[in-house]
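Trainee: One structure follows; several queries about it will come next.
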Amino acid sequence: MKIKFCFINIVLIQNFLDLEVSIMSDEEVILHVENLRAYYPSKDGLIKAVDDVSFDVKKGESLGILGESGCGKSSLALAIIGLFDKMARFRAGSSNVPGLLKEFEKNGEETPGATGTVIFRGHDMLNTPYEELAKLRGKEIAMIPQGLTHALNPQYSIGMQTGEPIEIHDEDVRLIEMKKKVLDFLNLVSLADADTRYVLDPGSFSGGEAQRVLIAMSLISGPYLVIADEPTSALDVTIQRQIMNVLQMVKDEFDVSTIMISHDAGVIAEVSDRIAIMYAGKIMELGNAVQIYHSPGHPYTMGLMASFPTIAMMRMREGGSRPKLRGIRGEPPDPRNIPEGCPFHPRCDFAKDGCKEKVPEYREVEPGHWIRCIRYEEIQKE
Ligand SMILES: Nc1ncnc2c1ncn2[C@@H]1O[C@H](COP(=O)(O)OP(=O)(O)O)[C@@H](O)[C@H]1O
Ligand SMILES: [Mg+2]
């Protein structure tokens, strides 16, 4: 009797736990980034491409990363997938890097490379051996890289390349199943005549089509997270629209989390649940789409929104005042020489002396709304 009672209890507890797990999984964090820094070595000093960045991505969520060219978006993506150190060395020219690295070691505290915390589904992305990470990439975490030119191999058919992520990760997959899956995914991204053209090499496809292939490739192994780095910027406007529709469909159909990276507020607005605004390697503001587009709190976000016609028109349609389009005065800083204090202060209409002194803390000003500005409360009242 006692045993039976115990058993029922265990079943109840088990059910309760299952319930709790399913409630929690709605908010399950699949990517946790904390105090991430990614610095390139250069003869003129460290280039702080990513500087103290923290955020989470939840299951099924789409996070947008918006910022002007050069603010560190691609470097952030590389750091998340654990490739920053390799790319930084490779691109800086491997021969001069060891000497450069030694120089920085002598200087003490600040060193080149990616530091901080990146946890993707329990994997420590900054401290996992390269071979282990290679198994994750493509399968659990996929990236649609910026710039189409080198993304596809000109020598292999697009069918073969689309199937590559499953071939690498699942050696037992049968050829015929693989072909079916490849065609399913190429059709899914609406590649015209995929059934006959999958045998052709990339040279026979336009830029927009190549982008569709890359999207199919990133999804085929059923990843948990897809990072899309400026997936439309190399394309003309009509094709951009079609690719946006494909991405929107992906977002609706699959339970995949996405990080959408762009310098275009219109692109980010279409697919993002939450948005991070990046400037000079830092997140200046992060919030949901309504907070960012309708009541931006950081002067940089305000300037950014005021310079996008589509966003201004959208607000006017919803009862806002007639849009005044103006850019942000001045230029983004030289990455080798980022201003002291708040990096935005030389361009900011609200800057006071305090803004020049120290880097503002990144703080939560209302639930889920993060800002890096010491004057947020005062500016709200003005
Ligand atoms: N391999 C590299 N070596 C040195 N500096 C780099 C390298 N790649 C990018 N940078 C610099 O890092 C900063 C951020 O670049 P990037 O991450 O490409 O920005 P974004 O993607 O937002 O345009 C820029 O100042 C850029 O010049
Ligand atoms: Mg980039």
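The values are calculated or read from the model by the stated rules, or taken from the named source; none is laboratory data. Since the model is a prediction, treat every value here as computed from it, not as a measurement. With ideal geometry, Cβ positions are generated from the backbone for all residues, glycine too; neighbour counts draw on all protein chains shown.
Trainee: On the basis of being in a helix (DSSP H, G or I) and surrounded by 13 or more Cβ atoms within 10 Å (Cβ to Cβ), does GLU167 make the cut?
Mentor: Details: in a helix (DSSP H, G or I): yes; surrounded by 13 or more Cβ atoms within 10 Å (Cβ to Cβ): yes.
Considered against the rule, which asks whether it is in a helix (DSSP H, G or I) and surrounded by 13 or more Cβ atoms within 10 Å (Cβ to Cβ), GLU167 comes out as yes.
Trainee: Sticking with this one: Out of everything in region 38-58 that is of a type in the set (A, V, I, L, M, F, W, C) and within 12 Å of ligand 1 (Cβ to nearest atom), what residue ends up being surrounded by the fewest Cβ atoms within 10 Å (Cβ to Cβ)? Step through it out loud before you land on a result.
Mentor: Start the filter on region 38-58 by keeping residues that are of a type in the set (A, V, I, L, M, F, W, C), which leaves 38, 46-47, 49-50, 53, 55, 57.
This time we only want the ones that are within 12 Å of ligand 1 (Cβ to nearest atom), so: 38, 46-47, 49-50, 53.
Working: ALA38: 27, LEU46: 18, ILE47: 21, ALA49: 24, VAL50: 29, VAL53: 26.
Only one residue tops the list, namely LEU46.
Trainee: If I go through region 52-89 residue by residue, how many of them are within 16 Å of ligand 2 (Cβ to nearest atom), outside any helix (DSSP H, G or I) and out of contact with any Ser or Thr (no Cβ under 7 Å at 6 or more places or on another chain)?
Mentor: Residues that pass the stated criteria total 10.
Trainee: Do we have VAL359 as away from ligand 1 (no atom under 16 Å from the Cβ), modelled with pLDDT of 95 or more, closer than 20 Å to GLN291 by Cα and not acidic (Asp, Glu) here? First the steps, then the outcome.
Mentor: Values: away from ligand 1 (no atom under 16 Å from the Cβ): yes; modelled with pLDDT of 95 or more: yes; closer than 20 Å to GLN291 by Cα: no; not acidic (Asp, Glu): yes.
Spelling it out, it is not the case that VAL359 is away from ligand 1 (no atom under 16 Å from the Cβ), modelled with pLDDT of 95 or more, closer than 20 Å to GLN291 by Cα and not acidic (Asp, Glu).
Trainee: Hey, can you tell me all the residues within region 225-250 that are in contact with a Ser or Thr (Cβ under 7 Å, 6 or more places away or on another chain), part of a helix (DSSP H, G or I) and either more than 21 Å from HIS150 (Cα to Cα) or of a type in the set (A, V, I, L, M) (or both)?
Mentor: Residues satisfying the conditions are ILE243, MET244, VAL246.
Trainee: So, one more: Can you tell which of LEU235, LEU219 is in contact (Cβ under 8 Å) with a residue 40 or more places away in the chain, surrounded by fewer than 23 Cβ atoms within 10 Å (Cβ to Cβ) and farther than 22 Å from PHE55 by Cβ? Break it down into steps so the answer makes sense when it comes.
Mentor: Working: LEU235 fails: in contact (Cβ under 8 Å) with a residue 40 or more places away in the chain.
None of the others qualify; the one that does is LEU219.
Trainee: Surrounded by fewer than 20 Cβ atoms within 10 Å (Cβ to Cβ), modelled with pLDDT of 95 or more and not polar (S, T, N, Q): does that describe GLU27? Break it down into steps so the answer makes sense when it comes.
Mentor: On the way: surrounded by fewer than 20 Cβ atoms within 10 Å (Cβ to Cβ): yes; modelled with pLDDT of 95 or more: no; not polar (S, T, N, Q): yes.
Taking the combined requirement at face value, the residue does not satisfy it.
Trainee: Just checking, which of ARG363, ARG347, ARG336, ARG329 is buried (at least 17 other Cβ atoms within 10 Å of the Cβ) and of a type in the set (Lys, Arg)?
Mentor: ARG347
Trainee: Another question, then. List pairs: first residue in region 329-344 and touching a residue at least 12 places away in the same chain (Cβ under 8 Å), second residue among the β-branched types (Val, Ile, Thr) anywhere in the structure, Cβ distance under 9 angstrom, at least six positions apart or on different chains.
Mentor: PRO335/ILE47; ARG336/ILE47; GLU340/VAL359; GLY341/VAL359; CYS342/VAL359; CYS342/ILE374; PRO343/VAL359; PHE344/ILE328
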